[in-house]
Amino acid sequence: MSLLGSNPARSDADAKLRGEAVFGADVARPGMLWASISRSPVAAGRIRSIDSGPALKVDGVLDVLTAADVPDGRTGVIVNDIPFLAADYVAYEGEPVAIVVADNRAAADAGAQAVDIDIEPTEPVSTPEQALAPGVRLVHPDWNRFAVTGGADIGRDGNVVAEVVHDPGDLDEAFAAADLVVEGTYRTPRQYQAHLEPKMALATYESGRYVIEVSHQYPFRLRDRVAQMLGVAPSAVRVVGHHIGGGFGAKLDVSLEAFAALLARRYRRPVRMQHAALEERLVAPCRANALVSIRSAVSGDGTILATDVEIVSDSGAYANNGPALSAIPMFVFGSIYRVGTARIRTRNVYTNTAPTGAYRGVNGPWLVFANERHIDAVADALDRDRREFRLASLARDGDLMRNGQPLEEISILREAFDRVDELAPWQGAGTGALRGVGQAAAVWLTNPMPGHATVKLNEDGTATVITSATENGSGAVATGLRQIAAETLGLAADAVTITMPDTDATGYDAGSQGSRTTHVVGRAIADASAEVRRQVLDRASQMLEAAPEDLTIDDGVVAVAGVPAANLTLGAVAQAATWSDGPITAGASYVTPTPPHDPACATGMLIKGWPTPTYHLHQAEVSVDVVTGRVTVDRYVVCQEVGRAIHPDAIAGQIQGGVAQGLGFALSERVDLDHGRYVQRTFKEHGLPLAEDVPKVEMIVMEHADPAGPYGAKGAAEPPIVPVAAAVANAVSDAIGVPFDTLPITPEAVLEALERAS
């Protein structure tokens, strides 16, 4: 019986349920020191002086370090713009200015608060629009001195971190031929990942190397970034992973780790650091706030002749991944819908705010929100049914995206429209006073970055998978990867153990992001397991005196087909191999090939291709309370294509969770900025959706096996969040008859719209 499509228990379930799992926040070492950071209290300003004296008077404080005590220069993921500690000026509230070292956490925290930082405040550049205004102050006056990885031309200029432009040069002709022009501007706020476990690091310095224990989504990037910041070779840094108490993209880059490593070497003792709750929020790499303007030329028969898209996203004070993510609009606009020609311009800009970063679905939720709200607007302008207009405008298999890449199997999306209509018919949905229905469609990628695994058959007949793939809560490691290995080796799922991440012991893995773990690491595990299986059959064929092709492996037993009495346990085969030829092991790597594309399709574009696409359709039905303005989601349907459902329950959990996060983004979560400083500073103020706010999601899982994926699997965990805000906003707009083009759609915003409509 195949394990694929079944739901074995998670390998970490028992430890987590019993409270025995060791998370990063649980790790401690005898004799360790604690360190805390003194951070800028203002969003922008010149540092006049730093007085460590008050901190050194705190009982237990051992030392205070400033920029003069740490490596100079700047580092970064793509643009080297981040100082180790601020030396001359601060660019956002919460920027690290000094480090306080103490023999306990209370003293370190008290000392950090006591450091007297004298800053001459400067009026911050608070919004992307302000950053682009003529004559505005530069967030980084010396921006042109910041090196770019590989010397890439990413279109930097002043407060513009990166610019991607796709311009075929034929828009004017298309707009001149249009019967109508539809325009819209779509605004979205930041979104905070709201993971429960704060960022932490515990570092030691041993035999000339740094060892960092951490809960992190991407240990190898952390290794490389710490090495970059300390000015050492990556091999001088070892990262050891523990269970992760949530991340959703917030734990993909360096945070406290380089500080702890530097101190561990300086004091030759373990050093532990951990964010406090407010600190975690102030420096969280939130989803970027953005402004998207779209103008479409449309003919009388509903054909979209051209689309002009202008995007401005907020990078915050430093570049982080912004230059790479600026390419994503190229794959959203003019992909699933036929829009004729298209000009797409994306600018990612510096502001005096906390740097933004990755959050599940990266830029997808706000890009799809803008795209799908605009499709509704075009349908309304044509007086067309919104579902019918989507179907009429859908791309066809083989149509090219803006990067010149052919769309593969987009007919799957047409199937999704049919499947959703069978379950929740569009006609008649959302009818009645202040009730509405909305749809949103999306294509989303499976992150292609490299993965590696080693599979070894143990002498007791079990198997161990050695990989630095991280279990971020999705179950991809705790369920899917184990099932892939077990299925290939003929074992029960609980006979497969997967190690925790350790950059010394494993090949490179690009971490828990972009739904890549099951597809990419699963493929590496499937290939390595297939080689282990081959070795088993070769050894067993000698022991059973039968040809390898005549042998079967089932439930840990190798048998001659048709002769069940002629069998051996996998343990017996492993023992025999170990003491003759050596242990049975195999390793494999996998990187998704870049699909065909036009490398010259745009300027400044770092991500060129969109591999392993998956297709999605969401439908929301809502009702609006005329008295309170509260939006209730009465019904929510998701149709998601996954390639192959390895563990259906895990996929269902990811869909339900992704929708919950998307509903928060759409309706309630607040991450407001006032002169560069965050307004909401606690979970109480934040507006996370509660259980009563989230409906039970009805799910349709479509399986269209990907030949390159392990047993056909694609990505599944990230995309469920991507279309949610768009579907809900379309439904609320339908319910009230007023377009909602700004998020979140709070009760106050609804009441204002009702008043305007009356």
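The values are calculated or read from the model by the stated rules, or taken from the named source; none is laboratory data. These numbers come from a predicted model, not from an experiment. For neighbour counting, all protein chains shown are included, and Cβ atoms are generated from backbone atoms with ideal geometry for every residue, glycine included. Just the protein is used for accessible areas: all its heavy atoms, side chains included, with ligands, DNA and RNA removed. Shrake-Rupley method; radii C 1.70, N 1.55, O 1.52, S 1.80 Å.
As a test question: what accessible area, to the nearest 10 Å², does MET449 have when a 1.4 Å probe is rolled over all protein chains in place?
Around 60 Å² of this residue is reachable by solvent.
Quick one: Karplus J couplings for the range 115-126, per residue in order, coefficients 6.51, -1.76, 1.60, θ = phi - 60°, nearest Hz, x for Gly and Pro?
Per-residue couplings from phi come out as 4, 8, 9, 9, 10, 8, x, 10, 4, x, 7, 9 Hz.
Hydropathy at least -0.5 by Kyte-Doolittle, axial extent at least 20 angstrom from the Cα trace: which helices of the chain, defined as entire DSSP H runs, fit? Display every interim value, and only then the final one.
Working: long enough: 364-382 (27 Å, 0.31); 522-544 (31 Å, -0.27); 648-663 (22 Å, 0.33).
Counting only whole DSSP H runs, the qualifying helices are 364-382, 522-544, 648-663.
So for the range 590-639, what percent of the C-alpha to C-alpha distances run longer than 18 Å? The partial results should precede the final answer.
Values: 756 of 1225 pairs.
It works out to 62 percent of all Cα pairs.
Return the Cα extents of the range 55-139 along principal axes one, two and three, sorted largest first, each rounded to a whole Å.
Rounded to whole Å, the extents work out to 51, 26, 19 Å.
Treat each spin label as a single point 7 Å out from the Cα along the C-beta direction, and report the ALA530 to GLU388 distance in nm.
4.9
Tell me the relative contact order for the chain as a rounded percent, counting alpha carbon contacts under 8 Å between residues six or more apart.
Details: 1923 pairs, mean separation 119.7, N = 758.
Computed value for the chain: 16 percent relative contact order.
Using only Cα atoms, locate the centre of the range 302-334 and the centre of the range 80-99, then give the distance between them in Å, rounded to an integer.
Here the answer is 28 Å between Cα centres.
Name the long-range amide H neighbours of GLU641: under 5 Å, sequence gap of 5 or more, or other chain; modelled H, no Pro or chain starts.
Correct list: TYR615, MET702.
If I model a spin label as a point 7 Å beyond the Cα along the Cα-Cβ vector, how far apart are those points for GLN427 and ARG396 in nm?
Reported label-point gap for GLN427 and ARG396 is 2.6 nm.
So for the chain, taking the charge dipole from beta-carbon charges (+1 Lys/Arg, -1 Asp/Glu), which of ALA131, LEU489, PRO648 sits furthest toward the positive end?
ALA131
Considering just Cα atoms, how many Å³ per residue does the convex hull of the range 129-193 enclose? Before the final figure, lay out each step's value.
Details: hull volume 12.6 nm³, N = 65.
Enclosed volume per residue, from the Cα hull, is 194 Å³.
Could you pull out every one of the lysines with an alpha carbon less than 27 Å from that of LYS608, ignoring same-chain neighbours closer than 8 positions?
Once the sequence-local lysines are set aside, what remains near LYS608 is LYS251, LYS714.
If R₀ is 41 angstrom, what is the calculated FRET efficiency for the pair GLU120 and GLU206, using the beta carbon separation as r and rounding to 0.05?
Numbers: r = 43 Å, r/R0 = 1.04.
Calculated transfer efficiency: 0.45.
If you build the Cα gyration tensor of the range 173-221 and take the root of 5 times each eigenvalue, what three semi-axes come out, in whole angstrom, biggest first?
In descending order the semi-axes read 53, 17, 7 Å.
Given the -39500 (n - 2.57) contribution per DSSP H run of 4+ residues, what per-residue ellipticity at 222 nm results for the chain, rounded to the nearest 500 deg cm²/dmol? Before the final figure, lay out the partial values.
Details: 20 runs with 190 residues, N = 758.
Using -39500 (n - 2.57) per qualifying helix, the result is -7000 deg cm²/dmol.
Could you please state, rounded to a whole Å, how far the C-alpha centre of the range 102-124 is from the C-alpha centre of the range 407-441?
54
From the C-alpha coordinates alone, can you work out the Kirkwood hydrodynamic radius of the range 393-499, in Å? Let's see the in-between values first.
Values: mean 1/r = 0.0544 Å⁻¹.
Kirkwood hydrodynamic radius for the range 393-499: 18.4 Å.
Using DSSP to call loops (not H, G, I, E or B), can you name the GluC sites (Glu not before Pro) in the range 462-553 whose Cβ has at most 10 other Cβ atoms within 10 angstrom? Before the final figure, lay out the partial values.
On the way: sites: GLU471, GLU487, GLU531, GLU545, GLU549; in loops: GLU471, GLU545.
Sites meeting the loop and neighbour criteria: GLU545.
Provide the packing ranking of 421-428, 592-599, 479-486, 29-36, i.e. peptides ordered by the mean count of other C-beta atoms within 10 Å per residue, highest first. Walk me through the numbers before you get to the answer.
Values: 421-428: 12.8, 592-599: 15.0, 479-486: 27.6, 29-36: 19.2.
Ranking, from highest mean packing down: 479-486, 29-36, 592-599, 421-428.
Which order do ASP142, ASP494, ASP376, ASP26 take by accessible area at a 1.4 Å probe, largest first?
Working: ASP142 40, ASP494 130, ASP376 5, ASP26 95 Å².
Largest accessible area first, the list is ASP494, ASP26, ASP142, ASP376.
Full extension from ASP674 to ARG338: what is 0.36 nm times the residue separation minus their Cα-Cα distance, to one decimal in nm? The partial results should precede the final answer.
Working: separation 336, 0.36 × 336 = 120.96 nm, distance 3.98 nm.
Additional length available on full extension: 117.0 nm.
Once the dipole of the range 249-394 is set up with Lys and Arg at +1 and Asp and Glu at -1 on Cβ about the Cα centre, which of TYR359, LEU394, GLY302 lies farthest towards its positive end?
Projecting each Cα onto the dipole axis, the largest value belongs to TYR359.
Return the distance in nm (one decimal) between the two label points of a simple spin-label model at ASN104 and VAL136, each offset 7 Å from Cα along Cα→Cβ.
4.7
Which percent of Cα pairs goes in each bin when the distances of the range 378-441 are cut into 10 angstrom slices starting at zero?
Here the calculated profile for the range 378-441 is 18, 43, 29, 9, 1.
Could you give the radius of gyration (one decimal) and Dmax (whole number) of the Cα atoms in the range 294-416, in Å?
15.7, 47
Pick out, from SER49, SER2, GLY60, the residue whose Cα sits farthest towards the positive end of the charge dipole of the range 1-124, with +1 on the Cβ of Lys and Arg and -1 on the Cβ of Asp and Glu.
Checked the options; the winner is SER2.
Could you give the length gained by full extension between ALA68 and ASP153, i.e. 0.36 nm per residue of separation minus their alpha carbon distance, to one decimal place?
Numbers: separation 85, 0.36 × 85 = 30.60 nm, distance 3.21 nm.
Using 0.36 nm per residue and subtracting the Cα-Cα distance, I get 27.4 nm.
If you bin every alpha carbon distance in the range 477-596 into 5 Å steps from zero, what whole percent lands in each bin?
For the range 477-596, the binned pair fractions read 2, 11, 19, 21, 17, 12, 9, 6, 3, 1, 0 percent.
Give me Rg over Rh for the range 161-308, both radii from the alpha carbons and Rh done the Kirkwood way, two decimal places. Mind dumping the intermediate values first?
Numbers: Rg = 23.8 Å, Rh = 18.9 Å.
A ratio of 1.26.
At 0.36 nm per residue, and after removing the present C-alpha to C-alpha distance, how many nm does the segment from THR303 to GLU549 gain when stretched out fully?
Working: separation 246, 0.36 × 246 = 88.56 nm, distance 5.76 nm.
Working it through step by step, the gained length comes to 82.8 nm.
Starting from a Cα-only point model with no solvent, please compute log10 I(q)/I(0) by Debye for the range 650-758 at q = 0.22 1/Å.
-1.22
I'd like the FRET efficiency for GLU692 and ALA15, computed as 1/(1 + (r/R0)^6) with the beta carbon distance as r and R0 of 35 Å, rounded to 0.05.
Working: r = 30 Å, r/R0 = 0.87.
So, using R0 = 35 Å, E works out to roughly 0.70.
Would you mind getting me the FRET efficiency between THR464 and SER758? Use the beta-carbon distance for r and R0 = 51 Å, nearest 0.05. List each step's numbers first, then the result.
Values: r = 67 Å, r/R0 = 1.31.
My answer for the efficiency is 0.15.
If eta is 1.567 mPa s and T is 4 °C, what Stokes-Einstein diffusion coefficient results for the chain, Kirkwood Rh from Cα pairs, in µm²/s? Working shown, then result.
On the way: Rh = 27.4 Å.
It diffuses with D of about 47 µm²/s by this estimate.
How big is the dipole moment of the range 621-758 about its Cα centre under a simple scheme where the beta carbon of each Lys and Arg is +1, that of each Asp and Glu is -1, and everything else is neutral? Debye, nearest 20, please.
On the way: 10 positive and 20 negative charges, 58 e Å.
Dipole size: approximately 280 debye.
Report the relative contact order of the range 254-347, percent, no decimals, based on alpha-carbon pairs under 8 angstrom and at least 6 residues apart.
Numbers: 91 pairs, mean separation 22.2, N = 94.
Over the range 254-347, the number comes to 24 percent.
I need the phi-derived Karplus couplings for the range 52-64: 6.51 cos²θ - 1.76 cosθ + 1.60, θ = phi - 60°, integer Hz, Gly and Pro marked x.
7, x, x, 5, 5, 7, 6, 4, x, 6, 9, 6, 9
Over the range 689-758, what is the relative contact order in percent, taking alpha-carbon pairs closer than 8 angstrom and at least six residues apart? Could the numbers behind the result be given before it?
Values: 22 pairs, mean separation 11.3, N = 70.
Dividing the mean separation by the residue count of the range 689-758 yields 16 percent.
Separation of the range 254-294 and the range 557-619 by C-alpha centroid, Å?
34
Roughly how many debye, to the nearest 20, is the charge dipole of the chain about its Cα centre, given +1 on each Lys and Arg Cβ, -1 on each Asp and Glu Cβ, and no other charges?
Details: 63 positive and 94 negative charges, 292 e Å.
I would put it at about 1400 debye.
Using all alpha carbons of the range 221-348, what is the percent of pairwise distances in each 5 Å bin, ordered from the shortest bin to the longest?
Each 5 Å bin holds this share of Cα pairs: 2, 8, 14, 15, 13, 12, 9, 8, 7, 6, 4, 2, 1, 0, 0.
What is the magnitude of the charge dipole of the range 151-226 about its Cα centre, with +1 placed on the Cβ of each Lys and Arg, -1 on the Cβ of each Asp and Glu, and no other charges, expressed in debye to the nearest 20?
Values: 8 positive and 13 negative charges, 186 e Å.
Dipole of the range 151-226, to the nearest 20 debye: 900 debye.
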